[in-house]
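Asker: This is the structure I have questions about; it appears just below.
The values are calculated or read from the model by the stated rules, or taken from the named source; none is laboratory data. Note that the coordinates shown come from a computational prediction; the quantities given were computed from them, not determined experimentally. In this analysis, Cβ positions are derived from the backbone assuming ideal geometry, glycine residues included, and neighbour counts consider all displayed protein chains. With ligands, DNA and RNA removed, areas are computed over all heavy atoms of the protein, side chains included. Shrake-Rupley method; radii C 1.70, N 1.55, O 1.52, S 1.80 Å.
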Amino acid sequence: MVQKLDTLVETPSQTAGPYVHIGCIPSFAGLEGVYPEDLGLRAIEDGAEGEVITITGSIYDGTGWAMRDAMFESWQADASGRFAGQQGADPKVNGFCRFAADKDTGEFTLTTVKPGATPTRAGGQQAPHIALWIVARGINIGLQTRIYFEDEDNSADPLLARIEQRNRVETLVAKKTGEGQYRFDIYLQGAQETVFLDL
Amino acid sequence: MSDQAYIDQGPLIPRNRAAHPVPYDPDYKTSVPRSPNQPLLSMESTLSEETGPRFGHSMLGPLDNNLILNYSKDAAKPAVGERILMHGRVLDEMGRPVPHTLVEIWQANAGGRYRHVKDGYLAPLDPNFGGCGRTLTDENGCYEFLTIRPGAYPWPNRGNDWRPMHIHISVFGHSFGQRLITQMYFEGDPLIERCPIAATVKSRSQLDRLVAPLDMAKARPLDFLAYKFDIVLRGRRQTMFENRMEGL
Ligand SMILES: [Fe+3]
């Protein structure tokens, strides 16, 4: 026998289910009056430094159906690469946003500032990106992915460099559709399956 | 370009996926088209996962963790149902408490009906029950909610599937990579064994950790019963060899 390790094991996840909205964004779900406003309504406040951008997209299940019930959370640095809570971070950038697929169309919209590059532990840099966490009925553990931008230099990003099938890199890169406008679609399965992360 | 230094509190301990539900489980039909087929891309955590949003007491209202009253806001109009205290601690894998972190819950009413446009179950809405609550853990990682025990409810899956009584829980931790949503079940509920969602957790000992025991030490006589539900989030690796100086 050996000594017992005293580390604990993480609590298992369970699906957020079809009614995640009433817990996380109740006003969006029509459950008014419990909180003054939903948490994470805005990634930024007026006056945030940097380029204000809008990202729209849909999340498609394995049948090609745009899911109507998904909820998303985003987390990102400000325009100079600082996260909320770090010294010198832009006080107008919350960095965190909660948003949901539209109940009729399945489309989501995120309005925020384009984040700056962020440092790595090894002394390098990560290309500008937004971390995304996705929950819904049928998703048993929240899915992590990232939104990069096609008009940024992504060539030295350590995470993108780890993707062996280079054609899959595109699944993490938002396409520019206009001034300050990007499109980012997410595919859970199939030939265009988005790269999901474990980090 | 970033002029920032890496503020290194150690990387997150990699997630033990065997401790979690399987993403694909044919008995839970919606997971079939909604589970990725390709392997996840694994890498050491970065600042994007090691930092995260923090929330303060200023956002909380006095009734936010009291689901019996937070919808009616009237002590004369409490929610219908068996009154319970749901309480526990939020810890990390190193056993350290996770203080001042946001815990959100949502649940069906005592009849098993959610206040949601998509829920058309026969059980009536309770005019005095909304079904959501939130709180921050204290400096020891402790949290509590006063609520009613939710009812079991049927759902369209296999021919006759029912959800055991459960409360949905969302926890932030201090890093975006610790983000977790789970469900608490109740000791003694025979529907747990029959639930295909609970059964997505393949490890028996891990499933047991989602079942809250009755906790009479916390129950208040003539008022409420108590159930204890501890939550463990991912921890961080930090050794004396972490944070080594340039050139070492
Ligand atoms: Fe539920």
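Asker: Could you count how many residues in the range A:11-42 are of a type in the set (Phe, Trp, Tyr) and either within 16 Å of A:Ala70 (Cα to Cα) or within 16 Å of the ligand (Cβ to nearest atom) (or both)?
Answerer: Looking only at that region, the number is 2.
Asker: Among the numbered criteria (1) away from the ligand (no atom under 16 Å from the Cβ); (2) within 12 Å of chain A (Cβ to nearest Cβ); (3) over 30 Å from B:Leu222 (Cα atoms); (4) surrounded by fewer than 20 Cβ atoms within 10 Å (Cβ to Cβ), which one does B:Ser48 miss?
Answerer: (4)
Asker: As an exercise: evaluate A:Arg68 against (1) within 16 Å of the ligand (Cβ to nearest atom); (2) part of a loop (DSSP other than H, G, I, E, B); (3) closer than 27 Å to A:Thr194 by Cα and give the number of the one condition it does not meet.
Answerer: (1)
Asker: A further question follows. Looking only at strands (runs of 3 or more DSSP E) that fall completely inside the range B:117-224, which ones have 3 or more residues that are away from the ligand (no atom under 16 Å from the Cβ) and touching a residue at least 40 places away in the same chain (Cβ under 8 Å)?
Answerer: So the answer is B:132-136, B:142-148.
Asker: Taking only the range B:93-108 into account, find how many residues are basic (Lys, Arg) and either crowded, with 16+ Cβ neighbours inside 10 Å or within 14 Å of the ligand (Cβ to nearest atom) (or both).
Answerer: Selection size over the range B:93-108: 0.
Asker: Next up: Taking only the range B:128-164 into account, find how many residues are open to solvent by 50 Å² or more (accessible area, probe 1.4 Å), under 19 Å from the mean Cα position of the chain (by Cα) and of a type in the set (S, T, N, Q).
Answerer: Here the count works out to 1.
Asker: Separate question: Does any residue in the range B:103-114 that is within 19 Å of B:Thr135 (Cα to Cα) come within less than 7 Å, Cβ to Cβ, of a residue that is part of a loop (DSSP other than H, G, I, E, B) and within 13 Å of the ligand (Cβ to nearest atom) six or more places away or on a different chain, and which pairs are these?
Answerer: B:Trp106/A:Tyr19; B:Trp106/B:Gly131; B:Gln107/B:Gly131; B:Gln107/B:Pro150; B:Ala108/B:Tyr114; B:Ala108/B:Gly131; B:Ala108/B:Pro150; B:Ala108/B:Gly151
Asker: Can you name every one of the strands (runs of 3 or more DSSP E) wholly within the range A:131-189 that holds 2 or more residues which are closer than 30 Å to B:His168 by Cα?
Answerer: Per the criteria, A:143-149.
Asker: Only one residue in A:Thr171, A:Thr194 is of a type in the set (Val, Ile, Thr) and either touching a Gly at 6+ places or on another chain (Cβ under 8 Å) or more than 9 Å from chain B (Cβ to nearest Cβ) (or both). Which one?
Answerer: Unique residue meeting the criteria: A:Thr171.
Asker: Which one of these is among the hydrophobic types (A, V, I, L, M, F, W, C), more than 7 Å from chain A (Cβ to nearest Cβ), open to solvent by less than 70 Å² (accessible area, probe 1.4 Å) and touching a helix residue (DSSP H, G or I) at 6+ places or on another chain (Cβ under 6 Å): B:Leu12, B:Leu67?
Answerer: The match here is B:Leu12.
Asker: From the list A:Gly138, A:Gly106, pick out the single residue that is in contact with a Lys or Arg (Cβ under 7 Å, 6 or more places away or on another chain), at pLDDT 95 or above and surrounded by fewer than 21 Cβ atoms within 10 Å (Cβ to Cβ).
Answerer: A:Gly106
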